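The values are calculated or read from the model by the stated rules, or taken from the named source; none is laboratory data. Model, not experiment: these values are computed from the prediction. Here the Cβ positions follow ideal geometry from the backbone for every residue, glycine too, while neighbour counts run over all protein chains shown.
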Amino acid sequence: MKFNSIIPLLAWSASAAAIKPDSDALVLGRRDTLTCHSSHYPSNPADCNGLYDDIESGTVYANLETASPRTLRRGTCFVSWSDNVVGNSRDLLPYINNLRNTCIFGQRKSGIVKDVHLYGQSKATAICLSNRGTGCSN
């Protein structure tokens, strides 16, 4: 009896080539850092809830590796990221949620999470939630 097996072919972008899926130590050793800032607070913080919902539903979408500019917005609330990295806008949702709860609604401030390594890739990005689509740097 002869079996034919099909082997799936995976295509990776150049920046994803740095991912080491068998190296949990790299992923576990990294820590992102969240900071709230008194400047650039959205004038209508409820827009951040709408932005979250738009991304979650797929109404708003971005490929984080190719998007230009690196920002999404709803009203006065923007989410932006500092570097093109592998992933899509839904990968930002846990960070947006944390920034919303901690900074936007918790302290009435804007916020940034630095040194985010999505999917364990070596290249890090910062994720910002504020009233502008520029100025997010790692």
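Numbers for the structure displayed
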read-out: Neighbours by Cβ (under 8 Å, 6+ apart or cross-chain): first from the stretch 107-123, in contact (Cβ under 8 Å) with a residue 40 or more places away in the chain and closer than 13 Å to Asn138 by Cβ; second acidic (Asp, Glu) and outside any helix (DSSP H, G or I); value: Val113/Asp32; Lys114/Asp32; Asp115/Asp32; Val116/Asp32; His117/Asp32; Lys123/Asp83
read-out: Out of Arg100, Arg132, sole residue that is among the charged types (D, E, K, R) and either in a helix (DSSP H, G or I) or modelled with pLDDT under 95 (or both); value: Arg100
read-out: Residue list for the stretch 47-68, restricted to those being without any contact (Cβ under 8 Å) to a residue 24 or more places away in the chain and either in a helix (DSSP H, G or I) or closer than 15 Å to Gly133 by Cβ (or both); value: Asp53, Asp54, Ser57, Ala67, Ser68
read-out: Residues of the stretch 69-86 classified as basic (Lys, Arg) and either outside any strand (DSSP E or B) or surrounded by fewer than 17 Cβ atoms within 10 Å (Cβ to Cβ) (or both), total; value: 1
read-out: Filter result (in contact with a helix residue (DSSP H, G or I) (Cβ under 7 Å, 6 or more places away or on another chain) and farther than 21 Å from His40 by Cβ) within the stretch 65-83; value: Glu65
read-out: Residues located in the stretch 96-115, provided they are farther than 14 Å from His40 by Cβ and surrounded by fewer than 23 Cβ atoms within 10 Å (Cβ to Cβ); value: Asn97, Asn98, Arg100, Asn101, Thr102, Phe105, Gly106, Lys114, Asp115
